[in-house]
Amino acid sequence: MKIISTKTIRDLNITPKQCVDWIYESFALKAEAQLPAKISVHPTDTDFFTSMPCLLPQSKDNRDIRYFGVKEVHRIEGAVPSLGSDMLLYNAKNGDLLALVDADWITTMRTGAVAAASSKALRKKDASCYGMLGLGNTARASLLCILEAEPEKQFKVKLLRYKDQAELFIVRFKDYGNVSFEIVDDIRDIARSVDVLISCITSANGLIVEDESIFPPGITIIPVHMRGFQNCDTTFDRVFGDDTGHVRNFKYFPQYQDYNEIGEVLAGRDPGRKSEKQRIIDYNYGLGLHDVLFASKIYEMVAKQGLPEVEIAKETEKFWI
């Protein structure tokens, strides 16, 4: 078994563009994968442990391994960091445990890559102005993937001011020539003036924009953490999700006007936006499918580099108690 730390992953220098490519690849495999819905337990009202299993289809390149993984993501109030995740990666061919993976980098980058792929697929044709709320690591990952997936495109990004996060966010992207920034104090000014709104706010009590009518025709909203935009669910022209099994229990799911999975758009089987005036909201709940595919790619990369094994002393014959 290998132990794959965040440092080991970061040392691989995986680009944001590579992460976006892996998102397209994983969605292409979705129909052949086994992807049960997440299971969550709650030690307190706000704390949780969520299990995310996925069995990938058999690889055409390596017949000796079929990857199964289960990611455990947890949020514990007061812990530093409050959100963390780990994965067990197995070979489903023989049950061998291949790796214990620190999944924090994977979770952040695959989330940002999904936001990048979804926004590109659903935005209107002339979209160039993005709004971003909640400027932590997930927002950074999202913009990294957006900018590096389309280096030829010029973006303007409006940032909602919060403490000094907007200023720090701008510093992080000072070396990117295809983006300019504006810091905005009122969320309503962002809501009424952008083509794509990506919210990475992790905690929202109630609605982020109470009057949904101020969202302009043609806007695409991506609430990365699902929070604060439920008033759009029944009024927007189209609603997308990354997996129907994960979103069918959302309160307003039966009232969605025109629903489909975002993977159908990425595969070219659904046009996504049917007019330039449609208002669209996309809920990407987060799939173990992406986590396991990322982990399998990383496992193969570190295996080629000779990352040492950690020996597990296990019985090799049937034993009796």
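Readers should treat all values here as calculations from the given coordinates under stated rules, not as data from a laboratory. Fair warning: this is a prediction, and the values are worked out from it, not measured in the lab. No Cβ is skipped: glycine too gets one built from the backbone with ideal geometry, and neighbour counts run over all protein chains shown.
Do you know the relative contact order of the chain, to the nearest whole percent, from alpha carbon pairs under 8 angstrom that are 6+ apart? Working shown, then result.
On the way: 628 pairs, mean separation 63.0, N = 321.
In percent, rounded to a whole number, it is 20.
Multiply the residue separation of Leu97 and Ser213 by 0.36 nm, subtract the distance between their alpha-carbon atoms, and state the gained length in nm to one decimal. Walk me through the numbers on the way to the answer.
Working: separation 116, 0.36 × 116 = 41.76 nm, distance 5.15 nm.
Between Leu97 and Ser213, full extension yields 36.6 nm more.
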Descending Cα extents along the principal axes, region 123-283, whole Å:
43, 35, 27
How many angstrom lie between the C-alpha centres of region 84-107 and region 138-207?
32
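If you wrap a convex hull around the Cα atoms of region 203-265, how much volume per residue is inside, in Å³?
Details: hull volume 5.9 nm³, N = 63.
Hull volume normalised by residue count: 93 Å³.
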When N is the residue count of region 165-232, what does its C-alpha Rg come to as a fraction of 2.2 N^0.38 Å?
1.20
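At a Förster distance of 25 Å, what's the computed FRET efficiency of Glu276 paired with Thr6, Cβ-Cβ distance as r, to 0.05?
So, using R0 = 25 Å, E works out to roughly 0.05.
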What FRET efficiency, computed as 1/(1 + (r/R0)^6) with R0 = 41 Å and r the Cβ-Cβ distance, is obtained for Thr244 and Lys174, rounded to the nearest 0.05?
0.50
Give me the distance in nm between label points sitting 7 Å out from Cα along the Cα-to-Cβ direction at Val41 and Tyr162, one decimal.
3.0
Beyond 20 Å, the calculated P(r) of region 1-105 holds a percent of Cα-Cα pairs equal to 51
With label points set 7 Å from each Cα along the Cα-to-Cβ direction at Leu307 and Met226, the distance between them in nm comes to 2.9
By how many nm would the segment from Phe49 to Trp320 grow when fully extended, if each residue of separation counts as 0.36 nm and the alpha-carbon distance is taken off?
94.2 nm
Do the alpha carbons of any pairs in Lys2/Lys251; Lys17/Lys158; Lys30/Lys120; Lys17/Lys156; Lys38/Lys158; Lys120/Lys174 sit beyond 30 Å of each other, and which pairs?
Lys2/Lys251; Lys38/Lys158
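As a check on your grasp of the helix formula, calculate [θ] at 222 nm for the chain: sum -39500 (n - 2.57) over DSSP H runs of n ≥ 4, divide by the residue count, round to the nearest 500. Intermediate values should be presented prior to the final figure.
Numbers: 9 runs with 90 residues, N = 321.
So the helix-based figure for the chain works out to -8000 deg cm²/dmol.
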Radius of gyration and Dmax for region 73-147's Cα atoms, expressed in Å?
16.5, 51
Distance from region 262-308 to region 114-137 (C-alpha centre basis), Å
15
Given 5 Å bins starting at zero, what is the percent of C-alpha pairs of region 232-289 in each, up to the one with the largest pair distance?
4, 19, 31, 26, 15, 5, 0
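Determine how many Å³ per residue the convex hull of the Cα atoms of the chain encloses.
Details: hull volume 52.0 nm³, N = 321.
Measuring per residue, one finds 162 Å³ for the Cα hull of the chain.
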